[in-house]
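Please read the structure below before turning to the comments.
The values are calculated or read from the model by the stated rules, or taken from the named source; none is laboratory data. Computed from a predicted model, the values in this text were never measured in an experiment. Heads up, the Cβs are rebuilt from the backbone with ideal geometry, glycines too, and the neighbour counts pull from every protein chain shown. Areas reflect the complete protein model, heavy atoms only, side chains present, ligands, DNA and RNA absent. Shrake-Rupley method; radii C 1.70, N 1.55, O 1.52, S 1.80 Å.
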Amino acid sequence: MASRDRLTQQVSHLQDEILLLGQMVEQATQKAMDSLRTRDTRLAREVYEHDLQINEKRFAIENAILILFATQQPMARDLRQLAAMLEVSTELERMGDYAKGIAKVTLRLGTFDIPIPMQELDDMARLSMTMLQKSLQAFVDGDHRLAMTIPQQDNEVDQLYNQVHHKLIETMIANPETIDQVNLLMWVAHNLERAADRVTNICERTVFIATGEMMEVDYTDDESEDFPDEE
Amino acid sequence: MDENNGNQDIAIESRDLNIYYGSFRAVKNINLKIRKNKITAIIGPSGCGKSTVLRSFNRMNDFIPACRIEGEILFQDQNIYAPEVDPVQVRRRIGMVFQRPNPFPKSIYDNIAWGARANGFQGNMDELVESTLRAAALWDEVKDILKQNALSLSGGQQQRLCLARALAIQPEVILMDEPASALDPIATLKIEDLMRELAPHYTILIVTHNMQQAARASDYTAFFTMDDDRAGMMVEYGPTEEIFTRPRDRRTEDYITGRFG
């Protein structure tokens, strides 16, 4: 008879919940991008609804983990895994906030006529969501080798961010009266860039579960989080 | 205590239970509803009366001459202390596993068969022995040595044998008095897993000094302590996950955080 069946089952259930939360974040991000592309304010409001559900699920996961800490005395790998899940659920919840931030831009822009560098922004969203899927798979599989390769792709997201940034600056210079609206689009790019950074944090937690080591898995030279490279 | 559950969810219940040893009131005013097919743990410091209460649930205290009970213990709408109730019948339906494993100095097989036969079991004894040993997660370890003396088993195996023996008379409730306190951590976890497997079919009430065990293994937890007059009393009772994450009473909080005394 394998001992600690109950703890094992509950940890595995929580992994499913984390995956589910990840899917919710993906859908919210996708919907936020759709709302921006089609300038659909109804869709943008739906993202707000998603965010409430994401917050609720995150609290439910957090509560379940605290109960396991209190009642099951997890040790070693179990302990690291549950502690990591607390972190990951927080990261996911923040990524949900970024999606909401993008939806907010859709609402603020309304029908204002402005060129949006949609191709690059969509690429950023697609890349960061692919990174998210992979990182969560590595997380639940405990695959720290895979986890360590994912943050490399953050460089691509950063490059796209820089392209968008240049384009938006040019728009501002050409049409100074649109500065407020262009600034909103800067926020969209910023949120997508930050989302990819959160994925890196998730990967670091996977490494922590497997090895017990807390380390930065970062391939960029610039440590500054708020100021991506401007070449 | 949450009172939302109807009585159909309650296996056994104490009402205004007071237990005296001579003139000393050992526990007072215990109103405790034990839920069917759940694991309920009683925790609390030494001398808080938890074992005394547990033993009153199948009239084990009858064996202590100076012990006197006030109040009622209701089992299937019947007060088990009513004059017309036969305590032997009570113990048949409400079984008990003790702190130290106490197998009879007989074969493993006879440990199961003897109690069952004494209780009038007339079916296929081999089948009963196998099914109860399986239920107690012991079958694979002893199936080839059934004629061997039970005392040759390890402590953890002996305790599971005692559990199998209790199961053989097909009780509805199983009382466990510190069932793992004499066992090593692995044997302890085995007993806990076993309790979890048995819970869908039985109601389990366990007394334990080991707070972590109560937290791990039970669905509901009752916290007992000693009042100023040294009588044991129940402070708080609720779902285990609530008792161990957000107890309502300061005394419970102090005890489970190790700040007692």
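Worth a mention:
- Backbone N atoms of region B:5-42 closer than 11 Å to the 7 Å Cα→Cβ label point of residue B:93 belong to residues B:12.
- Within the shell defined by Cβ-Cβ distances under 10 Å, the residues around residue B:95 carry a net charge of +3, with Lys and Arg each +1 and Asp and Glu each -1.
- Chain A: relative contact order as a whole-number percent, Cα under 8 Å and 6+ apart: 24 percent
- Whole-number accessible area per residue in Å² for the protein assembly as shown, which is evaluated in the context of all protein chains at 1.4 Å: 46 Å²
- Loss of accessible area when B meets A, both sides summed, Å² nearest 100, probe 1.4 Å: 1200 Å²
- Among A:84, A:70, A:189, the largest mean-square fluctuation in a Gaussian network model of chain A (Cα springs under 10 Å) belongs to A:70.
- Interface residues, region B:181-201 - accessible area loss of 40 Å² or more versus chain alone, probe 1.4 Å: B:189, B:190, B:193
- Cut-off 20 Å (backbone N to label point 7 Å along Cα→Cβ of residue B:70), residues of region B:215-233: B:225-233
- Nearest-0.05 FRET efficiency for residue B:46 and residue B:130, computed from C-beta distance (R0 45 Å): 0.70
- Only lysines eight or more places from residue B:106 in sequence, or on another chain, were considered; those with a Cα closer than 16 Å are B:143, B:147.
- Heavy-atom surface analysis with a 1.4 Å probe gives region A:5-211 a carbon and sulfur content of 50 percent of its accessible area.
- With the convex hull drawn over the C-alpha atoms of region A:5-211, the volume per residue is 94 Å³.
- Formal net charge of residues neighbouring residue B:16 (Cβ-Cβ distance under 15 Å; K, R +1; D, E -1): +2
- Against the criterion of solvent-accessible heavy-atom surface with a 1.4 angstrom probe, B:181, B:23 sort, most first, into B:23, B:181.
- Proximal charge balance of residue B:169 [Cβ under 14 Å; K/R count +1, D/E count -1]: +4
- Inter-label distance, residue A:214 to residue A:166: 3.9 nm, where each label sits 7 Å from its Cα along the C-beta direction.
- Relative contact order of chain B, pairs being alpha-carbon contacts under 8 Å that are 6 or more residues apart, as %: 27 percent
- Overall, the protein assembly as shown carries a charge dipole of about 3240 debye about its Cα centre when +1 sits on the Cβ of Lys and Arg and -1 on the Cβ of Asp and Glu, all other atoms neutral.
- R0 of 56 Å, Cβ-Cβ distance residue A:55-residue B:29: FRET efficiency to nearest 0.05: 0.80
- On the beta carbon distance between residue A:114 and residue A:48, with R0 = 25 Å, the FRET formula returns roughly 0.65.
- Ranking B:234, B:145, B:187 by Cα position along the charge dipole of chain B, where only Lys, Arg, Asp and Glu carry charges on their C-beta atoms, puts B:145 farthest toward the positive end.
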